[in-house]
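Input: a single structure, listed below in structure tokens.
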Amino acid sequence: MKAPSFLSVSEVENVCYVRLNRPDVRNAFNPEMIDELTETFSRVGKRKDLIALVLMGEGKVFCAGADLQWMKMMVNYTFEENKIDAQTLFRMFEAVTFCGLPVISVVHGAAYGGAIGLVACSDYVIAETSTDFCFSEVKLGIAPAVVSSFILRKCSLAHVMPAMLSGENFQTSDAKTMGLVTRICGDGEGPQQLASVIAMFKQCGPEALRETKKLLNEVKTLSWQEQAERTSKVIADRRISSEGQEGLKSFLEKRQPSWRQS
């Protein structure tokens, strides 16, 4: 018998939509969902025919963090079991962060604990005005440890430390100030805003999008000399690529590039 899926995955016009699909438990993580997310982002990210990957949550909230049954299991884990469990979660966030496609998340209702990790790993985040955010780990006597690596890739310590230490709830406007959210929209307007963001991404060269994301993920880890070499190579490669040639020629000839005509 096939194991139940905790994700709903579909494709429309070269965009892959991944929906967290456990609305009865507010899309909370369990080990099976974590494995599915890791596999899906790793696999779909390799597709050259797609423009972007959209992450959403079914039901009333985006994601409420850890599943209650999973938390009950954790109580009896040994140190080694907890460490393996945490490393599995880290690999999920890593798969989202380094997915080969731009990741657009649409966040509504609530994003608690590890769900904010998914938000931080996304490249473009649309969040509805009344979404409730919370690093709730400290209230449980634990720490936002695994998510911290991914949060601090995007946000300054000064912005997130108060929220991580206090465990207090914060709103979408605060999440935007922190750097977690890209665009705020009214409640229920997420799908409409998503359509305009996807249209914006479709204006861009598909290869250029993937190469830009890859470069931005790598460049901060390189020495200054390595940055000079890497960035010079990327722009040289892009200029002589078929897509780069088409983009430059279409601009000079005052016409639409081929990827906007399909």
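What follows draws every value from the coordinates through simple rules; no lab data is involved. All of these numbers come straight from a predicted model, not from anything done at the bench. When we count neighbours, we look across all protein chains shown, and the Cβ atoms used for this are built from the backbone with ideal geometry, even at glycine.
Here are a few things to note about the model shown:
- Taking amide H as placed 1.01 Å from N in the peptide plane, the amide H of G45 sits under 5 Å from that of G100, each at least 5 places away or on another chain.
- Calculated FRET efficiency for the pair Q245/S196, C-beta based, R₀ 45 Å, to 0.05: 0.95
- Mean separation of Cα contacts under 8 Å (6+ apart) over length of the stretch 111-262, as relative contact order %: 22 percent
- The chain, relative contact order in percent, only Cα pairs under 8 angstrom and at least six apart counted: 15 percent
- With the highest mean first, a sort of the peptides 36-45, 223-232, 66-75 on other beta-carbon atoms found within 10 angstrom per residue produces 36-45, 66-75, 223-232.
- Between M73 and R153, the simple spin-label model (points 7 angstrom out along Cα→Cβ) gives 2.5 nm.
- Amide H contacts for Y17 (H built 1.01 Å from N in the peptide plane; partners 5 or more residues away or on another chain; cut-off under 5 Å): S10, E11, V12, V54.
- For the chain, with +1 on Lys and Arg beta carbons and -1 on Asp and Glu, the positive-most of M73, P23, S149 along the dipole: S149
- Rounded to the nearest 10 degrees, the angle from helix 145-154 to the longest Cα principal axis of the chain is 30 degrees.
- The charge dipole of the stretch 206-260, taken about the Cα centre with unit charges on the Cβ atoms of Lys, Arg (+1) and Asp, Glu (-1), comes to about 220 debye, rounded to the nearest 20.
- Principal axis box of the chain, alpha-carbon based, largest edge first, Å: 64, 43, 42
- Net charge of the neighbourhood of E39, taken over other residues with C-beta under 13 Å away and scored Lys/Arg +1, Asp/Glu -1, is -1.
- Distance between the stretch 180-234 and the stretch 78-151 - C-alpha centres, whole angstrom: 19 Å
- Model label points for E11 and A86, set 7 angstrom from Cα along the Cα-to-Cβ axis, are 3.8 nm apart.
- Simple spin-label estimate for D237 and K176 in nanometres, 7 Å along Cα-Cβ: 3.6 nm
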